[in-house]
Ligand SMILES: Cc1cc2nc3c(=O)[nH]c(=O)nc-3n(C[C@H](O)[C@H](O)[C@H](O)COP(=O)(O)OP(=O)(O)OC[C@H]3O[C@@H](n4cnc5c(N)ncnc54)[C@H](O)[C@@H]3O)c2cc1C
């Protein structure tokens, strides 16, 4: 049974919460981290986890500063240097080298990221990991938050960070209202082998059913992320491999050639959520607890990692005893950053769903223009890579030790 007194208590040790804990501890704060579970990652099984995410160069720097990036097994990372996005007959291509970058991003398994972060946290003197555990009640005082754990333990903290995911119970308790959009779409995910090995291409087409992406896996296969109407997605996930591949190949015309072998498939419900405020006195939202976005741009976790770095930057040279100015700054910064990206992604998804393919034609026209407008492309790459002027310093330039 734990009785702890810390500066910051992070509720939720997913990637965003664990990264935030590491960054705050490295600034000299005492940090507690509670999660209902400990991460599990079984690389020995050989198969890649179905939950893979695209990590931007800015996020990579944040993960490095948190002590996690170097713990990832290089053989399980897939860098991508090229990106192709298609709608109708038009598209835009991006090459990392054209933008002065070595990579546009990496595909990484979520459990591998969680494990690397927790291993780093276990070695940090200012961190207390409390897991598996869950909270029973939370009381906010004038200068502290008191959390009672389900096993009877208590934790007192200057600030409580809610990083407990998209359906955050803490957000609900704090009375922080959200706007929600249920897309009636599910993302079908799974690995596919194509005629040509995928050695570093992130490809996406806006199909008549929804955006279909092929993202590189380290063994030359690609991870499919195909967002479609829920019923259709479920049906495709249960089809035989042959029937599924036939349908996939009717819609994907990537340079990788036809899909020839598909592995386990799974579908995930897609909901956009956006908290209207990120701070309520001494409770602050971070990661998916703050907002969750459609996966078509691969930005959800990247936004969460930007939150973690922005919170740490806002708190630089401040104590948990007097955080109000820092939290106000964090809220302003991340509400606008999250709304811009989240709103943009939402608008693209909704436009492409207009009847008669109208929206996809509009998007194609946009691609035609964007293909020629260099400043626009550069601004897009900087923002998507988490290295534009609005990104936290850690994302743009890294920590001095890096
Ligand atoms: C199909 C799909 C594809 C995606 N692709 C990308 C991509 O390419 N790039 C990208 O950046 N993002 C992507 N995302 C989004 C990304 O997966 C999420 O944004 C990210 O995983 C959220 O991380 P998090 O740490 O905020 O929350 P979570 O991973 O949900 O972690 C929350 C943690 O809180 C703990 N918790 C919850 N409740 C409690 C409680 N009551 N007590 C204690 N602990 C609790 C949980 O156990 C968990 O560990 C994708 C999402 C989907 C659905």
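Just so you know, all these numbers are worked out from the coordinates, no wet-lab data involved. Values in this document were obtained by computation on a predicted structure and should not be read as measured data. Every residue, glycine as well, gets a Cβ built from its backbone with ideal geometry; the counts of neighbours run over all protein chains shown.
Taking label points 7 Å from Cα along the Cα-to-Cβ direction, residue 235 and residue 95 give a separation of 4.2 nm. Under the criterion of Cα pairs below 8 Å and six or more residues apart, the relative contact order for the chain equals 22 percent. Pick out which of 26, 37, 81 has the largest mean-square fluctuation in a Gaussian network model of the chain, springs linking Cα atoms closer than 10 Å. Maximum fluctuation in the GNM of the chain, among the listed residues, is at 37. Please give the helix 374-384 orientation as an angle from the longest Cα principal axis of the chain, in degrees from 0 to 90, rounded to the nearest 10. That works out to roughly 50 degrees. Under the criterion of Cα pairs below 8 Å and six or more residues apart, the relative contact order for region 228-365 equals 17 percent. One Cα centroid belongs to region 378-395, the other to region 252-331; the line between them spans 15 Å.
Model label sites at residue 139 and residue 368, defined 7 Å from Cα along the beta-carbon direction, differ in position by 6.6 nm. Can you give me the angle between helix 15-26 and the longest principal axis of the chain, using Cα atoms only, in degrees from 0 to 90, rounded to the nearest 10? It works out to around 40 degrees. Region 122-158 and region 56-81 have Cα centres separated by 29 Å. In a fully extended conformation the segment linking residue 179 and residue 27 would gain 51.4 nm over its present Cα-Cα distance, using 0.36 nm per residue.
Distance from a point 7 Å along Cα→Cβ of residue 340 to each backbone N in region 279-303: keep the residues under 15 Å and list them by number. Flagged as within label range: 303. Take 62-73, 156-167 and order them by the average number of nearby Cβ atoms within 10 Å per residue, most first; the result is 156-167, 62-73.
Here the Gaussian network model covers the chain, with springs between Cα atoms less than 10 Å apart; of 240, 267, 199, 240 fluctuates the most.
R0 = 41 Å: FRET efficiency of residue 354 with residue 261, Cβ-based, nearest 0.05? Once rounded, the FRET efficiency stands at 0.75. Per-peptide packing, taken as the mean over residues of other Cβ atoms within 10 Å, places 387-394, 242-249 in the sequence 387-394, 242-249 from highest down.
Fewest first, what order do 307, 219, 288, 7 take by the number of other Cβ atoms within 10 Å?
Arranged by neighbour count, lowest to highest, 307, 219, 288, 7 become 219, 7, 288, 307.
The distance from the alpha carbon centre of region 360-375 to that of region 1-32 is 44 Å, rounded to a whole number.
Treat the count of other C-beta atoms within 10 Å as a stand-in for reagent exposure and order 346, 172 from fewest to most.
Lowest to highest Cβ neighbour count: 172, 346.
Over region 1-90, calculate the relative contact order: mean separation of alpha carbon pairs under 8 Å at least 6 apart, over the residue count, as a percent.
Working: 54 pairs, mean separation 22.2, N = 90.
Normalised by residue count, the contact order of region 1-90 is 25 percent.
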